[in-house]
Amino acid sequence: MPDPTPTDATPRDRFQQAAADRQSSAHEPEAPLWAGSYSHLAMLGTWVGGAIVTIAAVVVAALMNTPGGGWLMVLSGIGVMWLALAAWYGYRRLSVHYRLSTQRLIHEDGFLWRKVDRVELIDIDDVTYRQGPVERLLGVGTIVIASSDVTTPELRLPGIEEVSKVADIIDDARRKERRSRGLHIESV
């Protein structure tokens, strides 16, 4: 319980006492709110594009009726494309992770070389999200965080499932953290 402020205290003394009381009660332990990784749904548009390219390549090769080596070249190209898509998908699924706590947002990226961005919630200025047409159908998207953090003024979180819900969770946590750490002159 805070010490009662004497009635003859100056406004400055009352302000300092209120600030000390608020800071001592505002330090709650950090607790997890949400965790996620790159969604398998985020690449569905890419897989559909790959299927269209595959069909188009087979149709063009059939119409051109190239002798022997032409088919081998087309099939090799298709195989390399699908291997590259599978490698990209595997890399994203294994290397991209997100964690949100009551005090910070952590974005981990990289498989061999790891990059970790930590943004304090109090530093987050704006939370938006972007979706393409296929992403809107699937409920996935990219969250864009604008912050006053020096090293990460804009942080993109691609491949988030239930993107609008997660953006709301981040924004609500940001607002709560700002309210808990802020000093309100009205309370003096």
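Please verify whether Leu121 is farther than 27 Å from Trp47 by Cβ, touching a residue at least 40 places away in the same chain (Cβ under 8 Å) and open to solvent by less than 30 Å² (accessible area, probe 1.4 Å), treating the condition exactly as stated.
yes
For the range 46-98, which positions are open to solvent by 70 Å² or more (accessible area, probe 1.4 Å) and within 27 Å of Val116 (Cβ to Cβ)?
Trp88, Tyr91, Arg93, Leu94
Across the range 129-155, which residue is nearest to Tyr38 (Cα to Cα) among those that are open to solvent by 40 Å² or more (accessible area, probe 1.4 Å) and among the β-branched types (Val, Ile, Thr)?
Val134
Just to check your reading of the model, which residue among Ala51, Ala35, Ala84 is assigned to a strand (DSSP E or B), within 36 Å of the chain's Cα centre (by Cα) and at pLDDT 95 or above?
Ala35
Does the range 160-188 hold any residues that are within 20 Å of Ser101 (Cβ to Cβ), small (Gly, Ala, Ser) and either at pLDDT 90 or above or touching a helix residue (DSSP H, G or I) at 6+ places or on another chain (Cβ under 6 Å) (or both), and which are they?
Within the range 160-188, Ala167, Ala173, Ser180 meet the criteria.
Going through Val144, Val166 one at a time, which residue ends up being part of a strand (DSSP E or B) and within 12 Å of the chain's Cα centre (by Cα)?
Val144
Would it be correct to say that Glu108 is over 15 Å from Asp168 (Cα atoms), open to solvent by less than 40 Å² (accessible area, probe 1.4 Å), touching a helix residue (DSSP H, G or I) at 6+ places or on another chain (Cβ under 9 Å) and not in a loop (DSSP other than H, G, I, E, B)?
It is true that Glu108 is over 15 Å from Asp168 (Cα atoms), open to solvent by less than 40 Å² (accessible area, probe 1.4 Å), touching a helix residue (DSSP H, G or I) at 6+ places or on another chain (Cβ under 9 Å) and not in a loop (DSSP other than H, G, I, E, B).
The values are calculated or read from the model by the stated rules, or taken from the named source; none is laboratory data. For clarity, every value in this text was computed on a predicted model and none was experimentally measured. Positions of Cβ are generated from backbone atoms using ideal geometry, with glycine treated the same way; all protein chains shown enter the neighbour counts. SASA here: full protein model, heavy atoms, side chains in, ligands and nucleic acids out. Shrake-Rupley method; radii C 1.70, N 1.55, O 1.52, S 1.80 Å.
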